[in-house]
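For reference, the structure discussed in these notes is given below.
Taken together, the values in this text are just the output of simple stated rules run on the coordinates, not laboratory data. Computed from a prediction, not measured in an experiment: that's the story for all the values here. As a convention, Cβ positions derive from the backbone with ideal geometry for all residues, glycine included, and neighbour counts pool all protein chains shown.
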């Protein structure tokens with residue numbers, strides 16, 4: 001896997017004030033980069049109707065406004081439902097009152113999407129590459 005996503009946040013991270021206990025600009029930039037990467041991967045596979053969203057590169061003191069938060073969630077959700085991903089987490093519909101479990105759901109979904117796309121690409125067969133009996137299920 002290329003993406004380095006965080007989806008193991010715990011209530012103790014919030015309680016103890018660890019770096020995983022806060023949703024910071026680094027988290028937002030990581031998710032935005034993952035969405036852009038996965039969108040481009042989908043487009044390279046022929047799924048060219050996925051919208052592209054423009055958001056700023058976040059800095060330490062930046063606080064997203066409602067419109068930016070809505071766009072952020074819309075960008076993540078734009079990747080949902082394109083290919084089947086079993087047991088995927090439920091994605092939040094808003095950044096309002098984002099919890100550690102909702103933050104985990106966002107990044108877990110992106111990791112599962114990357115894994116699914118990698119498995120799909122590994123399953124492709126090209127002309128004259130597969131003959132009867134060569135592929136085991």
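Some observations on this one:
- Ellipticity estimate at 222 nm from DSSP helix runs (n ≥ 4, -39,500 (n - 2.57)) divided over the chain, nearest 500: -14500 deg cm²/dmol
- Angle between the chain longest axis and helix 100-122 axis [Cα atoms, degrees, rounded to 10]: 20
- Pairwise FRET efficiency - residue 2 versus residue 53, Cβ, R0 = 25 Å, nearest 0.05: 0.80
- For the chain, the longest principal axis of the C-alpha atoms and the axis of helix 66-77 are separated by about 20°.
- Likely footprinting exposure, 124, 58, fewest C-beta neighbours within 10 Å first: 124, 58
- Förster radius 35 Å - calculated FRET efficiency between residue 11 and residue 33 (Cβ-Cβ, nearest 0.05): 0.85
- Computed over the chain, relative contact order equals 31 percent, with contacts defined as Cα pairs under 8 Å that lie 6+ residues apart.
- Sorted ascending by nearby beta carbons within 10 Å, beginning with the fewest, 120, 6 become 120, 6.
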